[in-house]
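The values are calculated or read from the model by the stated rules, or taken from the named source; none is laboratory data. Remember, it's a predicted structure, so these values are computed and weren't measured experimentally. Cβ atoms come from the backbone with ideal geometry, glycine included; neighbour counts cover every protein chain shown. Please note that ligands, DNA and RNA were not included when accessible areas were found on the heavy atoms of the full protein model with its side chains. Shrake-Rupley method; radii C 1.70, N 1.55, O 1.52, S 1.80 Å.
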Amino acid sequence: MAGQFRSYVWDPLLILSQIVLMQTVYYGSLGLWLALVDALVRSTPSLDQMFDAEILGFSTPPGRLSMMSFILNALTCALGLLYFIRRGKQCLDFTVTVHFFHLLGCWFYSSRFPSALTWWLVQAVCIALMAVIGEYLCMRTELKEIPLNSAPKSNV
């Protein structure tokens, strides 16, 4: 397929490694945001903040702080999409994949399917933010001008 612009071959190892990398970015940055928020309000960190759907809520301060951490994490993961995925048309795919595995993690951790409406709303907002901002950042880099001539110009 020589001569085609951006021709790609099916590479399942690359896709799997990108999924694992994005999951690592997702949970690593979420853990950092939660730790920062917990340190600011002098709260005890817990895995429940990540994986228990009942924690998220508007009525309690820990619930609001956890929601804020999830929103900030979506912005951080958009940067992960920019640096590790680098394709605007793949941002939604990887965003939904990351959140699907988070759904499975929440289901496994709490031994019940997440049924809290606030959890679903927060996840929908995070998916939208992460996908749209990640796609915007990737498209911005994809649309940069490609230099055609890198040799210095001579004055003749």
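Worth pointing out:
- The residue that is farthest from R112 (Cα to Cα), among those in the stretch 28-69 that are open to solvent by 80 Å² or more (accessible area, probe 1.4 Å) and of a type in the set (A, V, I, L, M), is L40.
- Among the residues of the stretch 106-116, those identified as surrounded by fewer than 16 Cβ atoms within 10 Å (Cβ to Cβ) and in a helix (DSSP H, G or I) are W107, F108, Y109, S110.
- Of the residues making up the stretch 55-94, those that are touching a Phe, Trp or Tyr at 6+ places or on another chain (Cβ under 6 Å) and within 16 Å of V25 (Cβ to Cβ) are S69, L72, N73, C77, I85.
- Residue match in the stretch 1-13 (condition: part of a helix (DSSP H, G or I) and open to solvent by less than 40 Å² (accessible area, probe 1.4 Å)): no
- Scanning the stretch 22-44 for any residue that is under 17 Å from Y109 (Cβ atoms), in a loop (DSSP other than H, G, I, E, B) and at pLDDT below 95 turns up nothing.
- Criterion violated by L72 - all others in (1) surrounded by fewer than 20 Cβ atoms within 10 Å (Cβ to Cβ); (2) among the hydrophobic types (A, V, I, L, M, F, W, C); (3) more than 22 Å from T44 (Cβ to Cβ) satisfied: (3)
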